[in-house]
Structure formats: C-alpha cells, structure tokens
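Peer 1: Please read through the structure below; I'll follow up with questions.
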Amino acid sequence: MSEHEQWSELGQQLRVDSVRAAAAAGSGHPTSSMSAADLMAVLLSKYLRYDFDRPTNPLNDHLIFSKGHASPLLYSLYKAAGAISDEELLTFRKLGSRLQGHPTPEIPWVDVATGSLGQGLPCAVGVALAGKRLDRLPYRVWVLCGDSEMAEGSIWEAFDHASHEALDNLIAIIDVNRLGQRGETMLGWNTAAYVRRAEAFGWRALEIDGHDVAQIDGAYQEALAGDGQPVAIIARTVKGKGVQAVENRNGFHGKPLEDPDAAVRELGGLRGLTVPATPPTDDVEAHRFATEDAPPTMWDLGAKVATRRAFGDALTALATADGRIVALDGEVGNSTYAGLFADVHPERYFEMYIAEQQLVATAVGFQVRGWVPFAATFAAFFSRAYDFIRMAAVSRADVRLVGSHCGVSIGEDGPSQMALEDIAALRSVQGSTVLYPSCANQTAKLVAAMVGRPGIVYLRTTRAATPVLYTAEEEFQVGGSRVLRSSDADEVTVVAAGVPLSLSVSTAEFVSVAIASATLAVSLLATGAITTLPADASAVTVSFVTAATGEGSLPVLTAAVETAPVDMAITLLTMAA
C-alpha cells in the first residue's frame with residue numbers, strides 16, 4: 001500500500017469512528033467530522049510532532065480544534081494515535097467520560113476548551129506568540145477551523161494579530177464544507193473569497209481540495225516554509241463525505257446518522273490502523289528570563305495614590321523577581337499603568353491594541369505554556385470579551401485580568417467608560433476571584449496574591465488618587481474584611497471598598513458610624529455561600545448600609561437591607577461609586 005493509500009485509509013477510519021462514536025452517544029456532529037477526516041489523517045501521519053506519552057513536552061506541536069463540535073474526529077484521531085482505546089472512544093458524551101461533546105483540557109492533549117465558535121484560533125495565536133517570543137521554541141500550532149466560524153469578528157482579530165506578529169509557526173486549516181447548522185454558510189464554497197480575505201490580512205493562503213491527500217500533503221509542506229507569515233489552508237470539503245445519505249445534504253448537522261451500520265459498510269467497514277504521531281526529537285528547553293531581587297512597593301499612610309498606578313508599580317517589581325510574569329494591554333497602558341511594566345520588561349510586554357477578545361485569548365494561550373499573564377484594559381471593555389472569560393474558566397485557565405476606571409467615579413468621561421456590571425459579571429464565572437482594593441498598599445499585596453491564585457482572578461482598579469489607608473506591613477486574606485474605625489455609640493455600619501470606602505471615611509467625620517472595609521471577594525463556591533464583598537459576613541450584622549456618593553459634596557445614600565444578602569449592599573455601594 002502506498003503512502004497516499006495509507007492516508008486515504010486512515011481518513012476513512014476516522015470517518016467510521018466518528019460515525020460510531022456519535023451513534024453510541026445518540027448525539028454529536030459526525031458529518032462535521034467527516035468533512036475534515038482526510039486533513040487530519042495526513043497531519044497525524046506525517047506532520048504532527050507530538051509525544052502523547054509526554055503531553056507536557058515543551059517541544060510538542062499544538063493541535064487546537066477551533067470547530068470544537070467536530071470532537072468525534074479529534075477523539076478518533078486520538079484512538080488512531082494509540083492514545084485512547086476503542087472502548088473509551090465509545091464513551092463519547094456519556095456521563096463521567098472525559099470525551100465530552102466539545103473538547104476540554106480534562107483530556108491531557110487538549111490545550112483549551114472550544115465549542116463556542118471563534119475562540120480556538122485566537123487562543124492559538126496566544127500559544128504561537130508564546131512560542132516565538134517567550135518559549136523561543138520551534139513547535140508549530142495547528143488549528144482546525146470551521147467555515148461557519150469565519151463570520152466571527154474574533155477570528156479576524158486573530159488573523160490581524162497573527163500577521164502583525166509574523167507568526168509563521170501558526171497554520172490555520174479552514175474546513176470549507178459549505179453547510180452550517182441551518183443551511184449554507186455566508187460564502188458557501190467560494191474558497192477564492194477566503195483566500196482574498198486571508199491575504200488581505202497578511203497571511204499566506206493555500207487553496208486545495210480537502211479530500212485530495214496529495215494536495216493536502218503539498219500544502220502542509222509549503223506551510224512549513226517559515227517566511228514570516230502565518231498560513232491559512234483553505235480546503236474545499238464535503239460535509240458528510242463518503243456516506244450518500246448525508247453527503248452535502250442540509251438538515252443533518254449535529255445528529256447521529258440514522259443507519260450507522262450501513263454508513264460504516266459504505267465507508268469500507270471497520271479498520272484497526274494505528275499511526276503514532278512522531279515525537280519531537282530536539283533537546284531544547286524553553287527560554288527563561290533573568291531575574292533579580294526587587295524591593296516591595298509601598299506608600300506612606302495618607303498619601304494619595306490611584307490603585308491603577310499601584311498595580312503598575314507592583315506588577316513591575318514582582319516581574320523583576322519572577323520571570324514567569326508577562327503583561328498584556330489593550331492599547332491603554334498609559335491609563336492602566338501596564339506601561340510601567342513595558343518600560344522595565346519590554347520582552348515580556350505585549351501590546352494587543354483595541355482587540356479585547358484577542359487580549360483575553362492571548363492570555364489564555366500564554367498560560368497554556370506555563371506563563372503567568374496579567375491582561376489589562378478599562379474594566380468596562382472586558383464586557384466585549386466576556387465569552388472568552390467564560391470559556392477560559394471552562395479551560396481551567398489561570399488568567400489574571402485587571403480592569404481600571406471602574407465605577408461612576410470617573411465622572412465626566414460618561415457612562416460608556418464606566419464599569420458598573422463588572423463585579424456581578426466576573427464573580428458569576430466559575431471558580432473566579434474578584435478583588436477590589438481600597439488603597440495602594442492593599443493593591444500591591446493583592447497583585448502579589450494574584451500570581452499564585454488559580455482560575456480567573458479579576459482586579460478592579462480606580463482612576464482617582466485616593467488616600468493610603470493601610471500600612472505596607474498589613475496582610476490581606478482573600479475573603480477577609482477590615483474595620484477602620486468604630487465606637488460604642490455607632491448606630492450604622494458602612495460597608496465599602498475602593499472609592500466608596502474613601503468617601504465613607506470622609507463621611508465619618510460628620511456622622512458617627514462604624515466603617516467596615518470590604519476589600520476582597522472570595523472564589524465562587526458551588527455551596528451557595530456568600531461570595532461577594534465582603535466575604536467575611538460575620539463582620540456585618542446591622543440592618544442599614546450607608547454609602548457616600550458624589551465628588552466634591554457628601555450626600556448620603558441609605559438603603560434598608562434588613563433581610564437582604566450582603567451582595568445587595570455591595571451592589572448599591574458599587575453603583576454609588
């Protein structure tokens with residue numbers, strides 16, 4: 001049997017196993033898998049450099065299914081590589097199986113969770129960028145994209161940034177099978193249009209028949225040229241390829257085949273091919289940046305310092321001593337103060353421009369490679385990337401987000417710049433931690449705590465300079481609280497963080513109150529325990545919450561919350577400032 005015949009046989013096996021897996025589950029996307037089977041057969045047989053026994057090998061290539069619904073194909077590829085058994089393949093979508101309907105990093109060979117279309121390629125840009133500028137290793141990043149997701153704006157943010165960074169280690173394989181979920185895609189089989197778009201974004205585009213293994217082989221070989229351009233392989237394919245009942249027919253998306261046994265016979269029957277991927281043979285370690293001791297950042301009590309400035313100073317100092325830390329910003333580094341990091345650590349700073357989806361996706365890609373990313377922009381603008389944040393949690397990613405200019409205290413900039421929903425939005429993400437520091441010294445301590453904290457960690461910083469309330473020696477526990485002042489005569493407790501806390505301190509000069517500083521949020525728990533500010537609910541036992549609002553004057557907003565949860569009080573305070 002010739003090499004090309006072997007690849008064709010492997011493609012048929014991948015189709016058969018995709019049909020079988022979906023049939024066993026009673027659901028899934030076999031027709032979407034069948035269109036890309038030949039593309040993956042050639043990749044596994046000749047080009048993918050991967051050690052399935054050592055998924056953490058730093059020299060391994062990365063394979064990301066941006067069209068995550070084609071997971072039957074991915075799992076069939078794992079079976080062909082000898083990584084999983086046929087018995088496990090047939091647990092697809094069953095309770096307790098790691099072979100979920102869309103891939104997640106519960107599987108050790110999966111880098112990021114996909115299935116929300118338009119996310120795999122942006123995250124792959126992050127992995128490829130890490131390979132070029134951080135790891136400085138020769139691994140390649142292969143991405144299988146669907147043609148439907150090419151309508152997503154996030155895809156074109158990825159195209160734009162990949163060419164800007166000259167990521168010639170990134171190869172996107174576009175599976176143009178014409179049919180989406182409900183009918184024809186925007187461009188159908190107009191592969192020339194995909195070529196023009198890719199080239200307009202600075203990519204090298206190769207147009208092929210996605211079922212001709214010789215053309216696939218030639219395109220992959222050409223993609224390895226390393227000429228400073230990312231490569232897009234535009235492959236015309238047929239959805240449901242090989243089974244007449246579903247081939248190029250609408251109405252079969254996301255459904256198992258009605259007669260899987262007949263389909264298997266039509267595809268030539270069961271096969272038992274095993275094609276181990278070729279493991280990398282180089283003996284090179286990932287690059288590591290030089291470090292040195294750095295004094296901690298600290299400020300005097302009473303000094304007026306914006307917490308956004310404290311973030312920039314603290315992160316810059318931490319990165320001097322920890323070479324894993326990297327910073328990304330959405331072209332507002334002079335406002336978030338991530339620019340301070342860029343001045344001292346330019347090799348570890350990444351300008352992501354006004355593309356918040358790619359900002360978060362790149363941070364996710366960096367943490368795949370073991371780096372510690374801090375991604376900063378205006379807090380309000382993270383709403384544009386919210387689905388990437390949600391999916392980062394599904395990926396079990398450790399990502400640190402920093403949102404500046406929060407609340408109404410930015411005043412004259414107007415409501416378009418005010419982050420008011422961010423606490424509620426970010427704390428609803430599984431496993432997240434939301435931090436809202438009240439002064440510079442507290443910010444420095446929380447930035448240091450973010451480095452080792454798992455999951456999605458969000459730091460909320462303010463534009464205005466506020467008084468330093470805590471000494472540099474104080475420590476802060478995630479989920480704790482502080483009482484700044486109190487007396488036996490107090491009748492009201494003010495619970496606040498950030499700017500509202502500073503205003504509450506000023507208000508206390510005029511009225512007798514106890515001021516409890518609600519500084520942090522705690523990781524979200526499935527138990528339904530209090531998860532908002534303050535997590536230390538035992539410190540708040542009164543029935544009224546008062547917040548001072550406004551700038552220059554001190555009107556008082558009072559809300560009765562006799563039986564309301566603490567998070568209602570915090571919502572009121574957040575809206576107030």
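Peer 1: Calculated FRET efficiency, Thr281 and Glu88, Cβ-Cβ r, R0 25 Å, to nearest 0.05? Don't skip to the end; give the middle numbers.
Peer 2: Details: r = 29 Å, r/R0 = 1.14.
Once the sixth-power term is evaluated, E becomes 0.30.
Peer 1: How tilted is helix 566-576 with respect to the longest principal axis of the chain? Cα atoms for both, answer in degrees (0 to 90, nearest 10).
Peer 2: Taking the Cα atoms of the chain, the angle to 566-576 is about 80 degrees.
Peer 1: Amide H neighbours of Phe378 under 5 Å, at least 5 residues apart or on other chains, H built in the peptide plane: list them.
Peer 2: It is Ser404, by chain and number.
Peer 1: Please go through the range 133-212 and write out the trypsin sites (Lys or Arg not before Pro) that DSSP classes as loop and that have at most 10 other C-beta atoms within 10 Å.
Peer 2: Numbers: sites: Arg133, Arg136, Arg140, Arg178, Arg182, Arg196, Arg197, Arg204; in loops: Arg136, Arg140, Arg178, Arg182.
When the trypsin sites (Lys or Arg not before Pro) of the range 133-212 are filtered for loop state and at most 10 Cβ neighbours within 10 Å, Arg182 remain.
Peer 1: Of the options Ile208, Met186, Gln221, report the single residue whose Cα projects farthest towards the positive end of the charge dipole of the range 182-221 (beta-carbon charges: Lys, Arg +1; Asp, Glu -1).
Peer 2: Sorting the options by dipole projection puts first Met186.
Peer 1: By how many nm would the segment from Ala166 to Ser487 lengthen if fully extended, with 0.36 nm per residue of separation less the alpha-carbon distance?
Peer 2: Working: separation 321, 0.36 × 321 = 115.56 nm, distance 6.29 nm.
Once the chain is fully extended between Ala166 and Ser487, it gains 109.3 nm.
Peer 1: How large is Rg/Rh for the chain, to two decimals, with Cα atoms and a Kirkwood Rh? Numbers along the way, then the final one.
Peer 2: Numbers: Rg = 26.6 Å, Rh = 25.4 Å.
Checking Rg against Rh, the ratio lands at 1.05.
Peer 1: Sticking with this one: Tilt of helix 191-200 relative to the longest C-alpha principal axis of the chain, in degrees (0 to 90, nearest 10)?
Peer 2: 40 degrees
Peer 1: Also, I was wondering about something else. Which log10 I(q)/I(0) values does the range 288-476 give at q = 0.08, 0.11, 0.12, 0.14 Å⁻¹ under the Debye formula, counting every alpha carbon as one identical point scatterer?
Peer 2: -0.22, -0.42, -0.51, -0.70
Peer 1: Okay, next question. For Ser27 paired with Arg182, estimate the spin-label separation in nm (one decimal), with each label point 7 Å from Cα along the Cα-to-Cβ line.
Peer 2: The two pseudo-label positions are separated by 2.0 nm.
Peer 1: Set the Förster radius R0 to 30 Å, insert the Cβ-Cβ distance between Thr274 and Thr56 as r into 1/(1 + (r/R0)^6), and round the FRET efficiency to 0.05.
Peer 2: Working: r = 23 Å, r/R0 = 0.76.
In this case the efficiency is close to 0.85.
Peer 1: Report for the chain the percent antiparallel among DSSP-assigned beta bridges with both residues inside it, nearest 5.
Peer 2: Numbers: 13 of 63 bridges.
Bridges in the chain are about 20 percent antiparallel.
Peer 1: Lys/Arg Cβ at +1, Asp/Glu Cβ at -1, dipole of the chain taken about the Cα centre: which of His405, Leu89, Leu459 is farthest positive-ward?
Peer 2: About the Cα centre, the residue reaching furthest to the positive side is Leu89.
Peer 1: What chymotrypsin sites (Phe, Trp or Tyr not before Pro) in the range 319-365 are in a loop by DSSP, with at most 16 other Cβ atoms within 10 Å of the Cβ?
Peer 2: Values: sites: Tyr337, Phe341, Tyr349, Phe350, Tyr353; in loops: Tyr337, Tyr353.
Answer in residue order: Tyr353.
Peer 1: Okay, next question. So what are the ³J(HN,Hα) numbers for the range 319-332, from phi and the Karplus equation (6.51, -1.76, 1.60; θ = phi - 60°), rounded to whole Hz, Gly and Pro as x?
Peer 2: Karplus values, whole Hz, x for Gly and Pro: 5, 4, 9, 10, x, 7, 6, 10, 10, 10, 8, x, 6, 10.
Peer 1: As an exercise, use a Förster radius of 41 Å and the Cβ-Cβ distance of His4 and Asp343 to find the FRET efficiency, rounded to the nearest 0.05. Each step should come with its number before you reach the end.
Peer 2: Numbers: r = 55 Å, r/R0 = 1.34.
Computed FRET efficiency for His4 and Asp343: 0.15.
Peer 1: Moving to a separate point now. Quick check for me: using +1 on Lys/Arg Cβ and -1 on Asp/Glu Cβ, what's the dipole size of the chain about its Cα centre, in debye to the nearest 20? Please report the intermediate quantities before stating the final value.
Peer 2: Details: 44 positive and 66 negative charges, 135 e Å.
Using Cβ point charges on Lys, Arg, Asp and Glu, the chain gives about 640 debye.
Peer 1: Also, I was wondering about something else. Which one of Gly302, Met1, Val264 has its Cα pushed farthest toward the positive end of the charge dipole of the chain, where Lys and Arg give +1 and Asp and Glu give -1 at the Cβ?
Peer 2: Val264
Peer 1: Rounded to the nearest 500, what is the chain's calculated 222 nm mean residue ellipticity when only DSSP H runs of at least 4 contribute -39500 (n - 2.57) each, over all residues?
Peer 2: Values: 19 runs with 183 residues, N = 577.
So the calculated ellipticity at 222 nm is -9000 deg cm²/dmol.
Peer 1: Would you kindly calculate the mean projected area, averaged across all directions, of the convex hull enclosing the Cα atoms of the range 3-266, in square nanometres?
Peer 2: Across all orientations, the range 3-266 yields a mean hull projection of 12.5 nm².
Peer 1: Each residue of the range 75-82 in turn: what ³J(HN,Hα) in whole Hz from Karplus with 6.51, -1.76, 1.60 and θ = phi - 60°, glycine and Pro shown as x?
Peer 2: The phi angles translate into 5, 5, 5, 4, 5, 5, 7, x Hz.
Peer 1: Sticking with this one: So what's the angle, to the nearest 10 degrees on a 0 to 90 scale, between helix 153-164 and the longest Cα principal axis of the chain?
Peer 2: Taking Cα atoms only, the helix is inclined about 90 degrees.
Peer 1: Could you check the simple spin-label distance between Ile354 and Ala245, using points 7 Å along Cα→Cβ, in nm with one decimal?
Peer 2: 5.3 nm
Peer 1: Let me ask you something else. Can you return the aspartates and glutamates within cross-link range of Lys46? Criterion is Cα-Cα under 13 Å, with same-chain partners fewer than 8 residues away left out.
Peer 2: Result set, ordered by chain and number: Glu3, Asp38, Asp61, Asp217.
Peer 1: Set the bar at 31 Å for Cα to Cα. Now go through Lys132/Lys255; Lys79/Lys241; Lys132/Lys239; Lys132/Lys241 and name every pair that lies beyond it.
Peer 2: Values: Lys132/Lys255 40 Å; Lys79/Lys241 20 Å; Lys132/Lys239 35 Å; Lys132/Lys241 37 Å.
The answer is Lys132/Lys255; Lys132/Lys239; Lys132/Lys241.
Peer 1: Something else about it: Provide the gained length on full extension for the span Glu474 to Ser416, in nm with one decimal, where the gain is 0.36 nm per separating residue minus the Cα-Cα distance. Mind showing how you got there, number by number?
Peer 2: Working: separation 58, 0.36 × 58 = 20.88 nm, distance 3.58 nm.
The Glu474-Ser416 span can extend by a further 17.3 nm.
Peer 1: May I ask you to compute the full-extension gain from Glu222 to Ala200, defined as 0.36 nm times their residue separation minus their alpha-carbon distance, rounded to one decimal in nm? It would help to have the intermediate numbers written out before the result.
Peer 2: Numbers: separation 22, 0.36 × 22 = 7.92 nm, distance 1.94 nm.
Result: 6.0 nm gained on full extension.
Since every read-out is calculated from the coordinates, none of them should be taken as a lab result. Given the structure is predicted, the values throughout are model-derived calculations rather than measurements. A quick note on method: Cβ atoms are made from the backbone with ideal geometry, for glycine too, and the neighbour counts reach across all protein chains shown.
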